[in-house]
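Working notes for the structure below.
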Amino acid sequence: MSAAAKSAAASNRPRRSQQQRREASRRRLLDATAEVLIAQGYAGASIQAIVERAGLSQGALFRHFENRLALMRAVANDIGDRLLERYIERFRALQPDADQDWLLLSLELLRDNCRSPLQQAWFELLMAARTDAALHQTLAPVWARNQRETIALAARLLPEAHATLGEARFAEMVEAVVSLFHGEAVDQMVRTDAAADEARMRWVYQTLSAQLATA
């Protein structure tokens, strides 16, 4: 395509509004921050590293976020939303039929979500919060919100189990399984043992199936 044709094509494209440009820049910063957390860890997630990956200036970043901590809070919320959306999309895309074991499917997808690169970015934030008081205070409400929304999503996707166990016991079950798979995912950063993974999944599945059968 000639330079003139490219110029004509560009001029014919609908121009984005200022709000659309702002949202696009914010999205680039959130994505870049998650990517830097995954690739370089929290210590390496400097403002400079983030804006370089986003292809933006530091001034652009600070037009969206007051400081680095505000950016990390926004990223933490965004990661939580994206992980839940990923789970919903994959669960629904499988379109299980009446003979599908929904409990096993839920567990397998949860394990996969917990081992995803995006989840690693969340782990980086949690690990850093252990020794960073300001980050700890920032992430605490995000963690609580993610927990509530995870339980609510599980109740929507597994209504029979929710009805069988009741609100409190169902929440306990979800929290226990999520915590187990989170710990497993952290171990996976160093330790790989397919046989142990299979045995652990079998134990979780059998334990939950027994609870549901006797409730």
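The values are calculated or read from the model by the stated rules, or taken from the named source; none is laboratory data. As the structure is a prediction and not an experimental result, all values here were calculated from the model. Cβ placement follows ideal geometry from the backbone for every residue including glycine, while neighbour counts extend to all protein chains displayed. Note: areas computed on protein heavy atoms with side chains; ligands, DNA, RNA excluded. Shrake-Rupley method; radii C 1.70, N 1.55, O 1.52, S 1.80 Å.
For the reader, a short list of remarks on this structure follows.
- Applied to the stretch 200-215, the Karplus parametrisation 6.51 cos²θ - 1.76 cosθ + 1.60 on θ = phi - 60° returns per-residue 3J(HN,Hα) values of 5, 5, 4, 5, 4, 4, 5, 5, 5, 4, 5, 4, 5, 6, 9, 5 Hz, with x for Gly and Pro.
- Value of D in µm² per second that Stokes-Einstein yields for the stretch 15-123, Kirkwood Rh from Cα pairs, at 20 °C (1.002 mPa s): 138
- Distance from the stretch 136-215 to the stretch 16-50 (C-alpha centre basis), Å: 30
- Averaging over all projection directions, the Cα-based convex hull of the stretch 88-148 occupies 5.0 nm² in the image plane.
- Choice from T138, T192, T150 showing the highest fluctuation, given a GNM over the chain with Cα pairs closer than 10 Å: T192
- Cα-centred dipole magnitude for the chain, charges only on beta-carbon of K, R (+1) and D, E (-1), debye, nearest 20: 1400
- Other residues whose C-beta falls under 14 angstrom from the C-beta of R169 contribute a net charge of -4, scoring Lys and Arg +1 and Asp and Glu -1.
- Residue-averaged [θ]222 nm for the chain, counting only DSSP H segments that reach four residues, each worth -39500 (n - 2.57): -27000 deg cm²/dmol
- With K and R counted +1 and D and E -1, the other residues having a Cβ less than 12 Å from that of L208 yield a net charge of 0.
- For the chain, the longest principal axis of the Cα atoms and the long axis of helix 18-40 meet at an angle of about 60 degrees.
- Surface composition of the chain: carbon and sulfur make up 51 percent of the accessible area, probe 1.4 Å.
- Taking a ≥ b ≥ c as the square roots of the eigenvalues of the alpha-carbon gyration tensor, the stretch 108-199 is classed oblate because a/c is 1.5 or more while a/b is no larger than b/c.
- Long-range tail of P(r) for the chain (Cα pairs > 20 Å, %): 66
- The local environment of D78, defined by Cβ-Cβ distances under 11 Å, has a net charge of +1 under the rule Lys, Arg +1 and Asp, Glu -1.
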